[in-house]
Structure formats: C-alpha cells, structure tokens
Amino acid sequence: MEPVTIGVLALLALLALIALRVPIAASLIAVSFVGIWSVAGLRPALSMLSTIPYTTSASWTLSSIPMFLLMGYIAYHSGLTRGLFEAARVWWGWLPGGLAIASLAGASGFAAVSGSSVACSAAIGRIAVPEMARQGYNLSIATGAVAAGGTIGALIPPSIILILFGIQAETSINQLFLGGLFVGLASLAFYIAAVLVVWWRDPAKLPRAEPYTMGDRWQKTAEIWPVLLLIGAVFGGLFSGFFTATEAGAFGSFAAILIGVLRRSLTWEGFRESLVDTLLSGGALFIIAIGANLFTRLVAMSGLSNQMGLLVEGLGLGTFALLVAIVVIYLILGMFLEPIGALLLTLPLFLPILAQHGVDKLWFGLLVAKLLEIGMITPPVGLNVFVIHSVARDYVRLEQVFAGIVPFILADLALVAAMLAIRGFM
C-alpha cells in the first residue's frame, strides 16, 4: 500500500475514533503508531513510541504550561481573583448594560492569571449571574455575555493554546503572547459593542445600574492590588524580554503563592488542590501533545502534507480563499471538538500548506486561537455554555444561554472578518 494511502486511511480512522468519543490522546497515539508501523515497519514505530514521549515532555518551552496552570489555580484557590468582578462593576456598571460589560472586563482580568476559558466562565459566572438577576437583566443575554467573556482566556496571556501553537509551529511565544493581548482586547471591545447594540434595540433587557462614587471605585480597585501586581510583574518581565515564557510562569506561580501566604488567604488545602488540579490538567495536555507529535511524524513520513499541498494547488485556490476555507473548517470542528485537540489535530496538515502560500505563522496562530475559542460557545458542544448553565441553572435554562450567545458569536465573526481584511493589506 502506498504511504500516502496509509496517511489518508490514518486520518479517516482518527476522525472515526473521535466521532466515537474515544479520547483524542488515545486516538492520536493509536492511529499514529499503527500508521508509522505500516509505513516504516515495527522497529521504527516502537522507537518513536519510546522516544517521542520523552522528547516532547522534556521540552523547556512546554514546561511553561504547568507553571502558568499552577499560577492560575493558586490565584483562584487563594481568592486573589475574587474581587475582579466587583472592581469592574463599580467602574463600568453605570454604562448601558454595565453589569454585562463588567462581566466581560472581569473575565479579561481573570484570563490574565489563568489562561483557561472554562475557569474564567465558572469563576465570573458564580458572582455575576446572581447580581445581574437582582438588577433585572435579561438572563439570556447576561449568561451569554459571561460565557463569551470566558473565551478571552485563550487569547490574553498566559494562553495555553498560544503556547502549544508556538511549540508546534516553532514561533516565538513572547510574540504570540503580545499579539494575543491585542486580539483579546479587540475581542473585549467587540463584545462590549454587542452589548451596546442589544441595549440600543431593547433597553429594558440591560438596565443601567446606579453610578458609584470615586471613593467606592478606588476602594474596590485597592482590594485587587495583589492581582494587578501579579499581572504587571509577569507581563512586564515577559514583554520586556527579562523572562522567557517558562520563567514568567515560574515567577508568577511563586509570586501567587507568596501573595497568598502573606495575605493568609492560601490554606494548605487550597495549595494541595492547586497542585492536584495542575497535575491533572497538565498531564492531560502533555499526553495530547505527545499524540500530536506522533501524528505529525506520520503525516510527514506518509507524504500526506505534500499531497494536500498539491491538491490545494490543483484546485487553484488563492491565499484568501484558502484562509476562508480553513476558517470554515475550524468553525465546524469547534462545534464538536475541544480547542486543544482540534489545534493539535489540524496543525500538521495546515502548516505546510500555509507555508507554501507565505502566510505569516504569528498571524495565523492568533487567528486559530480566536477560531477555536468561538467553538467554546457554539452548539452543540459549546463547553463554556454548559459551564455557565451549571453555575446558573437556578436562573436560566440551557436553551436560553445558547440564545443569549448569538450576539457574541456575531461579534466574533466580525472580528475574524476584520483579521482576514487586515491580512489582505499585509
């Protein structure tokens, strides 16, 4: 059997296993091992199966993932992020739809210390949804805003998706983080615009809150100074070049622990839970990364990526049409796959083709991160929507949350269109 045929069959088998709900790490490893065995023989397959787990896990850059995860869990379990929504509320609450806007701003702040969409949605949702219910908000839009705000966690550093993309695409993680900060803030701006449009069409859905005094604002801001200090120190060292991504994560974890101990808000139980959560989350990510590296080897050895490049050339697609096709593919995948699995599944196929078209990897990484996070709020999977429903089930039904997410999906698509337009002028 021709190697390319084996590569195609391996890809189809991988998609079939994922459709059958086999864990993506197990699917990647099993299909890759059998595929390499078929292409090169049993001994090379066993050799790769024994060496790639070590070479992947021993990556210095990849070690930044557990460090940033630990920083986020420590900040959460020690209560450092608890006041973010309150601080955002006193500053933004007077605006039309101010509590929804405060939820988005609070999620952005939480993203800067967690890098997790799900954690953002859960943490802000527990606080913001009951408050918006008391203020008479339309709870469909309110919960939709919190679910959408959580997606900013994959864009604003430290972003696990951007770290994995940087490793797989051999792109500067510091530059990806800097670009992710801009795209994350752009997402926040587009979401705020969506809230204002909803208010403009029906002000009763998003009533204004009473304005706060400057004294109240500065008091609430003073309560979150540890988070501001942590974010400033990590970002300052990272973007100034003083820290690498791994060093920034390690410093952030140490600083979060130190702040929690000094404030006496980090208990031994909270510290233990942070370590366990980091081990579980980090272990799952590392196993998927190992499977993705094996699949990358199979794609290269079978010549599948070269054949896909020739197919694209045969179709006569220009760069813009190719990018639009990839956008559509990621939007569809996002409906069924979790972001990291979809990322590591597709990069071995797309990166060689995009390199032939001269597409900048940094820009593409930011686009992919945005597209994958749209999948966190689109049906039928929409993990952030289910998370919000789980913490707000006393206030709203699941179908109401999905209905409330529609304005924010439209805002996301507008931002993607803007990114494609900017790429056209580059």
**Study point:** Set Thr246, Thr267: member being more than 14 Å from Val113 (Cβ to Cβ) and open to solvent by less than 60 Å² (accessible area, probe 1.4 Å)
**Key:** Thr246
Practice item. Mind listing just one residue for me: the one in segment 333-378 that is under 18 Å from the mean Cα position of the chain (by Cα) and of a type in the set (Asp, Glu) and, of those, least open to solvent (accessible area, probe 1.4 Å)? Key: Glu373
Check your understanding: If a residue has to be surrounded by fewer than 17 Cβ atoms within 10 Å (Cβ to Cβ) and in a helix (DSSP H, G or I) to count, how many in segment 249-264 make the cut?
Key -> 4
Review point. On the given criteria, is Leu11 surrounded by fewer than 19 Cβ atoms within 10 Å (Cβ to Cβ), out of contact with any strand residue (DSSP E or B) (no Cβ under 6 Å at 6 or more places or on another chain) and part of a helix (DSSP H, G or I)?
Key: no
Practice item. Could you tell me which residue of segment 202-218 is surrounded by the most Cβ atoms within 10 Å (Cβ to Cβ), considering only residues that are out of contact with any helix residue (DSSP H, G or I) (no Cβ under 8 Å at 6 or more places or on another chain) and not aliphatic (A, V, I, L, M)? Key: Pro207
Check your understanding: Does at least one position in segment 413-426 carry a residue that is under 20 Å from the mean Cα position of the chain (by Cα) and within 18 Å of Val118 (Cα to Cα)?
Key -> no
Practice item. Scan segment 178-201 for residues that are open to solvent by less than 60 Å² (accessible area, probe 1.4 Å) and closer than 17 Å to Ile405 by Cα and jot them down. Key: Ser187, Leu188, Ala189, Tyr191, Ile192, Ala193, Ala194, Val195, Val198
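Residue-wise test of (1) among the aromatic types (Phe, Trp, Tyr); (2) open to solvent by less than 20 Å² (accessible area, probe 1.4 Å); (3) at negative phi; (4) at pLDDT 85 or above.
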site	(1), (2), (3), (4)
Gly125	no, yes, yes, no
Pro130	no, no, yes, no
Gln135	no, no, yes, no
Asn138	no, no, yes, yes
Ile141	no, yes, yes, yes
Gly150	no, yes, yes, no
Gly153	no, yes, yes, no
Ser159	no, yes, yes, no
Ile163	no, yes, yes, yes
Revision key, fill the gap. Arg272 meets each of (1) open to solvent by less than 10 Å² (accessible area, probe 1.4 Å); (2) modelled with pLDDT of 80 or more with one exception, condition (1)
Point to revise | Test for Gly237: is it surrounded by fewer than 19 Cβ atoms within 10 Å (Cβ to Cβ) and under 29 Å from the mean Cα position of the chain (by Cα) | key: yes
Check your understanding: Condition test on Leu229, is it within 28 Å of the chain's Cα centre (by Cα), open to solvent by 70 Å² or more (accessible area, probe 1.4 Å), hydrophobic (A, V, I, L, M, F, W, C) and farther than 30 Å from Pro96 by Cβ?
Key -> yes
Point to revise | Test: Ser302 is more than 28 Å from Val31 (Cα to Cα) and either at pLDDT 80 or above or open to solvent by 70 Å² or more (accessible area, probe 1.4 Å) (or both) | key: no
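Results for (1) open to solvent by 40 Å² or more (accessible area, probe 1.4 Å); (2) in contact with a Pro (Cβ under 9 Å, 6 or more places away or on another chain); (3) free of Cβ contacts under 8 Å to residues at least 12 places away in the same chain, shown as yes or no for each residue.
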site	(1), (2), (3)
Ala30	yes, no, no
Trp37	yes, yes, yes
Leu42	yes, no, yes
Ser50	yes, no, yes
Review point. Which residue out of Tyr54, Tyr73 is in contact (Cβ under 8 Å) with a residue 12 or more places away in the chain and either open to solvent by 10 Å² or more (accessible area, probe 1.4 Å) or over 16 Å from Ser159 (Cα atoms) (or both)?
Key: Tyr73
Review point. Condition test on Val396, is it part of a loop (DSSP other than H, G, I, E, B), open to solvent by less than 10 Å² (accessible area, probe 1.4 Å) and either of a type in the set (Phe, Trp, Tyr) or modelled with pLDDT under 85 (or both)?
Key: yes
Review point. Say we look at segment 379-393 and pick out the residues that are open to solvent by 30 Å² or more (accessible area, probe 1.4 Å) and not aliphatic (A, V, I, L, M); which of these is nearest to Ala411 (Cα to Cα)?
Key: Pro379
Check your understanding: Could you say which residue among Phe110, Phe68 is in contact with a Pro (Cβ under 6 Å, 6 or more places away or on another chain), closer than 30 Å to Ala222 by Cα and open to solvent by less than 40 Å² (accessible area, probe 1.4 Å)?
Key -> Phe68
Point to revise | Subset of segment 337-347 [without any contact (Cβ under 8 Å) to a residue 60 or more places away in the chain and more than 14 Å from Leu285 (Cβ to Cβ)] | key: Thr346
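The values are calculated or read from the model by the stated rules, or taken from the named source; none is laboratory data. All values derive from a computational prediction rather than experimental measurement. Neighbour counts run over all protein chains shown; Cβ positions are idealised from the backbone, glycine included. When the accessible area is computed, the model is the full protein with side chains, heavy atoms only, and any ligands, DNA or RNA have been set aside. Shrake-Rupley method; radii C 1.70, N 1.55, O 1.52, S 1.80 Å.
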